[in-house]
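J.: Dumping the structure here so I can ask a few things about it.
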Amino acid sequence: MNTTVLIFLVLYYVVVLSIGYWALKRGGSENLEGYLLGGRRIGPATTALTLQTTSMSGFMFLGAGSLGYAQGYYALWFAFGDIGGGVLNFSIIGRRMRKISELFGALTAIEYLEKRYPSKILRIFSGSLTIFLLGFYVLAQFIAGGKGMALVTGMPYPYALAIAVSIIVLYTFMGGYLAVAYTDFFQSIIMLIGVLWIFFAILYELGGFTSANNMIANIDPSLLTVWGKDLGFQGQWGVIAGALMIFSIGYLGWPHVVTRHMAMKSPATAREAGAWATVWNLLFVPTPYLIGVFAILVIPGISDPEMAIFEVAGKLLPAAATGLVMAAIMAAIMSTADSLLLQTGTIAARDIYERFFNPDASEKQMVFVSRSLVLMIAVFGYFIALVEPPSVFSVVIFATSVLGSAFLPAYVCAVWWKKANTPGALASIFTGAMVAFLWEYLSVVSYTTIAPMVAGVISSTIAMIAVSLLTQARYPVSKEILDLIDEASKIRPIPENMLNKSSALTIESVELESHLRKKK
């Protein structure tokens, strides 16, 4: 391995670990709100870039490059949706979710759902489903990190995987959300510089867009169409709709992403964060897919297409640039893995352990349990990734499709539709998850040409609307919750009396009031 590349990687790891140590020393990580949400003091730029890097992951350097390599310009359907994903997130639920989560006193995305739709069943089902799916997503990041590290260093895969996992766990363990947010910000800059450097290098090598496209046309003209290799997706608008949805509106339903709204400094942060996210997306999002397409010309016949961007960087860039690019690739992987680990440990600790097993747990105990679970999940994920690494692309698409299908209507309706009630939310989450899972598992897409994400979101939305309306008389939304939704819609700071009132609002009090209203 080139010494310069190794130096860049070591420097990169030193920086991210230093940020974790800084977050630990800055304080707040022993306090539950500080550890889980950074004390709700994250500014617009950091909020935007931690949301984007968390939602993109190692998929952008492995899955996106692989898809471009295999299917040509068809891959850009995923990019078209992704470019607007950040601003949609902040515009639709950002400001309102930030405000109402503080009014509820919610510290996790699943706790927020239970306080909006009071139900112990909803919390345990949603928490368990999220842990299961985020576990899959963590697995994909570990595999990506291990494969990348192995290629860069020349180490055997098991050792490379162990190093990548250890560094992610260490800085997540130290500083909680604050460490995750600021390392994500740093990593987003490294990712952008790295991917643009590879892109300009490959364009220079091929003589520009026109020259590259002409050469691809000589190999296979179908790769230049938006229908994929051999026009395999021609007319399959259900599949294309899924590609557009999964990274645009899809991550409105990802608990590890929407938590970013809850940690913003104020509700007003959402507007500026949306602008930051859009600018970054325009520069970053399409680039890995295009590199994958042009890699067909630079490294034909590669045995593992997921390594296309790695291989292009190693072949075309000087050693110093290669080191920076490899750090960028690891940044993409780690910026999602840290968030997934933190959220999985958090949900397991607060939404399962504290809620159902130890309601009297102190804040220090909760932080300890969350950290312990992060460690356990990392060890478990390491051994699974070690045994049989699947395709990063397939794991990410599966996990994110089911997450988005299950939770998207629940999060959106929580702040926009006052008639959305507990039975509607339960039906929506269960239906969306099951339809998307079975659609994928039974390969229904192969004969319907409708993507699991499309089927899942439509099903969960219909379930939310239909069941909420049918059960409205028996399960009305409580006046306390309606008042908080009204307040969340107003563009103003939270009144002190409203905050005090909401702090006394508990799940049990809302359930009791609902029960009394039904008896009347």
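Values in this text are rule-based calculations from the coordinates and carry no lab data. Model, not experiment: these values are computed from the prediction. Glycine gets a Cβ as well: all are built from the backbone with ideal geometry, and neighbour counts include every protein chain shown.
J.: Nearest 0.05, what FRET efficiency do L11 and W237 give at R0 = 45 Å with Cβ-Cβ as r?
T.: Taking R0 as 45 Å, the efficiency between L11 and W237 is 0.45.
J.: Once you charge only the Cβ atoms, +1 for Lys and Arg and -1 for Asp and Glu, what is the size of the charge dipole of the chain about its Cα centre, to the nearest 20 debye?
T.: Its charge dipole is roughly 1540 debye.
J.: Now for a different question. Go from 0 up to the bin containing the longest alpha carbon distance in the stretch 386-477, width 10 Å each, and give me the % of pairs per bin.
T.: Calculated P(r), rounded to whole percents: 19, 41, 25, 12, 3, 0.
J.: List the relative contact order of the stretch 1-157 as a percent without decimals, with contacts defined as Cα pairs under 8 Å and 6+ residues apart.
T.: The value is 22 percent.
J.: Highest first, please rank the peptides 238-245, 35-42 by the mean number of other Cβ atoms sitting within 10 Å of their residues.
T.: 35-42, 238-245
J.: Moving on. Pick out, in residue order, every one of the trypsin sites (Lys or Arg not before Pro) in the stretch 255-309 that is DSSP loop and has at most 12 other C-beta atoms within 10 Å; say none if there are none.
T.: none
J.: Another question about this same structure. Take T4 and L283, extend 7 Å from each Cα along the Cα→Cβ direction, and tell me the distance between the two endpoints in nm.
T.: 2.3 nm
J.: Could you give each residue of the stretch 321-327 its phi-based ³J(HN,Hα) in whole Hz, using Karplus coefficients 6.51, -1.76, 1.60 with θ = phi - 60°, and x for Gly or Pro?
T.: Computed from phi, the couplings for the stretch 321-327 are 5, 4, x, 5, 5, 5, 5 Hz.
J.: I would also like to ask the following. With each run of n ≥ 4 DSSP H residues scored as -39500 (n - 2.57), what mean residue ellipticity at 222 nm is computed for the chain after dividing by its residue count and rounding to the nearest 500 deg cm²/dmol?
T.: -24500 deg cm²/dmol
J.: Shifting gears a bit: Name the long-range amide H neighbours of I450: under 5 Å, sequence gap of 5 or more, or other chain; modelled H, no Pro or chain starts.
T.: Placed amide hydrogens put nothing under 5 Å from I450.
J.: Go through the stretch 62-72 residue by residue and turn each phi into a ³J(HN,Hα) via Karplus (6.51, -1.76, 1.60, θ = phi - 60°); whole Hz please, and just put x for glycine and proline.
T.: Karplus values, whole Hz, x for Gly and Pro: 10, x, 5, x, 5, 5, x, 5, 7, 10, x.
J.: Suppose the chain between T449 and I124 were pulled fully straight at 0.36 nm per residue; how much longer would it get relative to their current alpha carbon spacing? Mind showing how you got there, number by number?
T.: Details: separation 325, 0.36 × 325 = 117.00 nm, distance 3.35 nm.
My answer for the length gained is 113.6 nm.
J.: Would you kindly state how much longer the chain becomes between I189 and M155 on full extension, computed as 0.36 nm times their sequence separation minus their alpha carbon distance, in nm to one decimal?
T.: Length gained, I189 through M155: 9.6 nm.
J.: Also, quick follow-up: Using 0.36 nm times the number of residues separating A466 and K229, minus their current alpha carbon distance, what extension gain do you get?
T.: Values: separation 237, 0.36 × 237 = 85.32 nm, distance 4.06 nm.
Computed gain between A466 and K229 is 81.3 nm.
J.: Please report, to two decimal places, log10 I(q)/I(0) for the chain at q = 0.11, 0.12 Å⁻¹ as given by the Debye formula with identical point scatterers on the Cα atoms and no solvent.
T.: -0.90, -1.07
J.: I need to check one value: relative contact order of the chain, counting alpha carbon pairs closer than 8 Å and at least 6 residues apart, in percent.
T.: Dividing the mean separation by the residue count of the chain yields 29 percent.
J.: What nm distance separates the two modelled labels at M376 and E272, each placed 7 Å from Cα along Cα→Cβ?
T.: 4.1 nm
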